[in-house]
1. Does segment 398-406 include one or more residues that are hydrophobic (A, V, I, L, M, F, W, C), closer than 25 Å to Val103 by Cα, open to solvent by 20 Å² or more (accessible area, probe 1.4 Å) and at pLDDT below 95?
2. Among the numbered conditions (1) within 19 Å of Ala289 (Cα to Cα); (2) touching an Asp or Glu at 6+ places or on another chain (Cβ under 9 Å); (3) open to solvent by less than 40 Å² (accessible area, probe 1.4 Å), tell me where Arg371 comes up short.
3. Looking at (1) open to solvent by less than 40 Å² (accessible area, probe 1.4 Å); (2) in contact with a strand residue (DSSP E or B) (Cβ under 6 Å, 6 or more places away or on another chain); (3) at pLDDT below 85; (4) not basic (Lys, Arg), find the lone condition where Gln66 falls short.
4. Scanning segment 334-358 for residues that are more than 23 Å from the chain's Cα centre (by Cα) and basic (Lys, Arg), which turns out farthest from Glu292 (Cα to Cα)?
5. Looking for something out of contact with any His (no Cβ under 6 Å at 6 or more places or on another chain), part of a loop (DSSP other than H, G, I, E, B) and within 30 Å of Ala92 (Cβ to Cβ) - is there at least one such residue anywhere in segment 274-284?
6. Determine whether Leu38 is among the hydrophobic types (A, V, I, L, M, F, W, C), open to solvent by less than 30 Å² (accessible area, probe 1.4 Å), at pLDDT 75 or above and part of a loop (DSSP other than H, G, I, E, B).
7. Listed residues Gly206, Gly255, Gly178; which is touching a residue at least 60 places away in the same chain (Cβ under 8 Å), within 23 Å of Ser14 (Cα to Cα) and open to solvent by less than 10 Å² (accessible area, probe 1.4 Å)?
Amino acid sequence: MTVMPKLEDLVDQSFDPFVVEKLSTGDCPDPYPRIHELAARSPVIEGSYRMQFTDVPDAQMGHLPQVMVLGYDAVLHVLTNPEIFRNKEAFAPNLGKSFGNTVTVMDAPEHTRFRKIFQKAFLPQVVAKWGESVVDPVVSRLMENFIHRGEADLIEEFTHHYPFQVIYAQVELDPAQGPTFHKLAIAQLLSSIGLPQGPEASGKLGAFFTELLRQKRANPGPDLISHLANVEADGEKLPDDVLVSFLRQLMNAGGDTTYRGTSVLLTALLTHPDQLAAVIADRSLIPAAIEEALRWEGPVSSTFRYCSVDTEIMGHPIKAGTYINTVLASANRDPEKFPEPDKFDIFRKNTVRNLAFASGPHLCIGQHLARVEMTRALNAILDRMPNLRLDPDKPAPAIIGHLLRVPEHLWVKFDVS
C-alpha cells in the first residue's frame with residue numbers, strides 16, 4: 001500500500017487564498033454589452049485593457065504594448081498561428097511563476113514533444129473509463145450530504161467541490177488532506193502577483209508530487225499519477241520537472257474549469273426551465289446542452305499571447321513585442337457565427353465549434369475529462385433530484401466575474417423520493 005506524502009498548510013494560518021481569488025476574479029455582472037461594443041468598433045483594439053473590459057490600464061501589463069483581439073475569426077487566427085503568437089513570453093511572468101515549466105508556458109518544439117505524451121493520458125477512451133470508477137463515487141458521496149433535505153445550494157454544496165475531489169481521487173489523496181490540498185492549490189496562483197504565500201504553496205506541492213512520483217514509478221497502479229509517470233510517446237517519458245509543473249497546474253485548471261462549467265450549465269438550464277424539461281425528457285440532448293453552456297459562458301473569458309514578429313491581424317498591423325489579449329468570450333458570442341449570441345439555446349445549429357477550450361496546439365488537454373465530469377454530474381442530478389427547480393424563496397443565481405465567471409450560489413428545491 002502506498003504511503004502518501006504529507007501536506008503542510010501555509011505557515012500563515014490566518015491567510016485565506018479563497019478570499020484573494022474571489023477579489024481577483026471581480027464582480028462584473030455582465031461584460032457582454034462592452035464586449036459587443038468593442039468588437040463592433042474593430043477586431044483589434046489598441047491599448048491596455050483590463051479583464052473588466054473597460055479602459056482602465058492593467059496593473060501588471062499596463063506599461064507594455066498590448067492589443068485586445070475580438071471576434072471569432074480574429075481570435076481563431078491568433079490561436080492557430082503559434083509560431084507568431086507565442087505562449088512562453090505571455091505566461092512565463094505569471095503562470096510560470098505559479099506552476100513552473102508546464103506545457104502552457106512552452107512553445108514548439110518543446111511544447112509539441114511533451115504535449116504528445118500528455119495527450120496519451122487524456123484521450124477520450126482513457127478518460128471515459130474514469131467516469132464510472134472515479135467521477136460517479138465522488139458525485140454520489142457529495143449528494144448524500146443534501147439529497148434528503150429537498151433543497152440545496154448546488155454551488156457551495158456540490159459544484160465547487162466535486163471536480164477537485166475527482167482530482168484528489170485520481171492522485172489517491174488522503175481525504176483528510178483535501179482541505180489543505182485545495183488551499184495550497186489556490187494559494188500557488190499568488191506567486192504571479194508577488195504574495196509570499198504563492199511560492200510557499202508551490203514549493204510544498206512540488207515536494208509532495210516529487211515524492212509521489214517516486215513512489216508511483218516504483219509501484220505503479222491504475223491511477224492517473226502512475227499513468228503519467230510511466231506513459232511514453234516515441235520512447236520518451238516526461239521529465240520530473242515538467243510532470244510536477246503539470247500536476248501543479250492540473251490542480252487548478254482541471255478543478256476550476258469543470259467547477260465553473262458545471263455551475264454555468266446548471267444555472268442556464270434552471271433559468272430556462274423549458275430547456276431543462278427537454279433535457280429531462282431526452283438525455284441525448286446533454287452533449288448539446290454542455291456545448292451551449294461552454295459557448296454561452298465559457299470557463300475562461302480571455303487568454304494571452306505574445307507577438308514574436310511584426311505581423312497583422314485582420315488587416316491591422318501588430319508590432320513584435322505586443323501582448324495579445326485574446327477574448328474567447330467575444331469569439332463565442334460573435335453574431336456572425338452564432339445568431340442571437342447572448343441567448344442560451346441548446347437547440348441552436350452551429351456551423352462552427354465554440355472556443356471555450358481555445359484552439360490550435362494549446363487546445364485544453366483536459367477538455368474530454370471536463371465533458372465527462374459535466375455529463376456524469378448532470379445525469380446524477382437529474383436521476384436523484386426529481387422536479388428540480390430554483391428555490392423561489394432565495395435570490396436568483398447571478399453569474400459574475402471578469403476573466404473567470406460563475407454564480408456564487410445556486411439555491412434549488414427538489415422532491416425527496
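1. Initially, segment 398-406 is screened for residues hydrophobic (A, V, I, L, M, F, W, C), giving 398-400, 403-404, 406.
Of the ones still in play, those that are also closer than 25 Å to Val103 by Cα are 403-404.
In the following step, the residues that additionally are open to solvent by 20 Å² or more (accessible area, probe 1.4 Å) were identified as 403-404.
When the remaining residues are screened for being at pLDDT below 95, the result is 403-404.
Among the residues of segment 398-406, at least one is hydrophobic (A, V, I, L, M, F, W, C), closer than 25 Å to Val103 by Cα, open to solvent by 20 Å² or more (accessible area, probe 1.4 Å) and at pLDDT below 95, which makes the answer yes.
2. (3)
3. Looking at each condition in turn, Gln66 falls short on (3).
4. So in segment 334-358, the residues more than 23 Å from the chain's Cα centre (by Cα) come out as 335-337, 339-340, 347-349, 351.
Checking which are basic (Lys, Arg) leaves us with 337, 348-349.
Details: Lys337: 13, Arg348: 8, Lys349: 10 Å.
By that ranking, first place goes to Lys337.
5. Within segment 274-284, none of the residues are out of contact with any His (no Cβ under 6 Å at 6 or more places or on another chain), part of a loop (DSSP other than H, G, I, E, B) and within 30 Å of Ala92 (Cβ to Cβ).
6. On the way: among the hydrophobic types (A, V, I, L, M, F, W, C): yes; open to solvent by less than 30 Å² (accessible area, probe 1.4 Å): yes; at pLDDT 75 or above: yes; part of a loop (DSSP other than H, G, I, E, B): no.
For Leu38, the condition - among the hydrophobic types (A, V, I, L, M, F, W, C), open to solvent by less than 30 Å² (accessible area, probe 1.4 Å), at pLDDT 75 or above and part of a loop (DSSP other than H, G, I, E, B) - is not met.
7. Sole residue among the options that is touching a residue at least 60 places away in the same chain (Cβ under 8 Å), within 23 Å of Ser14 (Cα to Cα) and open to solvent by less than 10 Å² (accessible area, probe 1.4 Å): Gly206.
Let's see how each residue does on (1) in contact with a strand residue (DSSP E or B) (Cβ under 8 Å, 6 or more places away or on another chain); (2) polar (S, T, N, Q); (3) open to solvent by 60 Å² or more (accessible area, probe 1.4 Å); (4) in a helix (DSSP H, G or I):
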residue: Thr104; (1), (2), (3), (4): no, yes, no, yes
residue: Ala108; (1), (2), (3), (4): no, no, yes, no
residue: Phe114; (1), (2), (3), (4): no, no, no, yes
residue: Val126; (1), (2), (3), (4): no, no, no, yes
residue: Phe158; (1), (2), (3), (4): yes, no, no, yes
residue: Phe164; (1), (2), (3), (4): no, no, no, yes
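The values are calculated or read from the model by the stated rules, or taken from the named source; none is laboratory data. Because the structure is predicted, anything quoted here is derived from the model rather than measured. Cβ sites come from the backbone with ideal geometry, for glycine too, and all protein chains shown count toward neighbours. Heads up: the accessible areas ignore ligands, DNA and RNA and are worked out on the full protein's heavy atoms, side chains in. Shrake-Rupley method; radii C 1.70, N 1.55, O 1.52, S 1.80 Å.
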